[in-house]
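A short write-up of the structure that comes next.
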Amino acid sequence: MTKLRRLYSNPTLEFYTPDYSTTLELPFIDGIPGPVFPGLADNFVGVKIDIVNELIKNKEATIYAKVKDNSMKNMGVYNGDLLIIDRSLEPENDKTALCYIDGKFTAKRVKIEQNVIWLITENDDFEPIKVTQDNEFIIWGILIASIKKI
């Protein structure tokens, strides 16, 4: 697998550009039954999916970010996870977004209440951030997947 090319880093996220020069086709089982018996996967030989095409719909607008904190642990995103972010998607209420606020990048759930935007962490140790007119604020993209090593 080709190493990702790092674009930018800050205290909470490292950004990478995707590499589309190769494909990664893996055997695919649609729904894992339990219990799994030896030889079950043999029934699915030849059925494969390409992970890149499965996860990334807009190649030109997709970036990766490696998480460097635990501010989103309540949604299952932890330090070291790789986020896939689509910059072509429009922000919506309750979607998790890659945000740029006051010179720093952060991934937070966007909460829109009347004319107020809140950036909600998914960790009770962090306070929500109220976005005001005084903030330099841009939503860069929407989180579409998180990949973790287990």
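The values are calculated or read from the model by the stated rules, or taken from the named source; none is laboratory data. Everything quoted here is computed from the prediction, not taken from an experiment. Cβ: placed from backbone, ideal geometry, glycine included. Neighbour counts: every protein chain shown. SASA here: full protein model, heavy atoms, side chains in, ligands and nucleic acids out. Shrake-Rupley method; radii C 1.70, N 1.55, O 1.52, S 1.80 Å.
Things worth noting here:
- Conditions (1) within 11 Å of the chain's Cα centre (by Cα); (2) modelled with pLDDT of 90 or more; (3) of a type in the set (Phe, Trp, Tyr); number of the one not met by residue 100: (1)
- Against the test of being aliphatic (A, V, I, L, M) and modelled with pLDDT of 90 or more, the options 63, 129 yield a single qualifying residue, 129.
- Taking every residue in segment 62-84 that is over 10 Å from residue 123 (Cα atoms) and without any contact (Cβ under 8 Å) to a residue 24 or more places away in the chain and pairing it with any residue that is open to solvent by less than 40 Å² (accessible area, probe 1.4 Å) and among the aliphatic types (A, V, I, L, M), at least 6 positions away or on another chain, the pairs with Cβ-Cβ distances below 7 Å are 79/67.
- Here the strands (runs of 3 or more DSSP E) wholly within segment 96-150 that include at least 3 residues being under 18 Å from residue 10 (Cβ atoms) and touching a residue at least 40 places away in the same chain (Cβ under 8 Å) are 96-101, 104-113, 137-147.
- Remark: residue 24 falls outside the filter, which requires a residue to be closer than 21 Å to residue 148 by Cβ, surrounded by 14 or more Cβ atoms within 10 Å (Cβ to Cβ) and modelled with pLDDT under 80.
- Complete set of residues in segment 82-134 that are open to solvent by 40 Å² or more (accessible area, probe 1.4 Å) and hydroxyl-bearing (Ser, Thr, Tyr): 88, 100, 132
- Residue count for segment 59-78 under the criterion of being surrounded by fewer than 20 Cβ atoms within 10 Å (Cβ to Cβ), among the small types (Gly, Ala, Ser) and under 15 Å from residue 148 (Cα atoms): the result is 1.
- Exclusive hit being acidic (Asp, Glu) and touching a Lys or Arg at 6+ places or on another chain (Cβ under 7 Å), set 81, 125: 81
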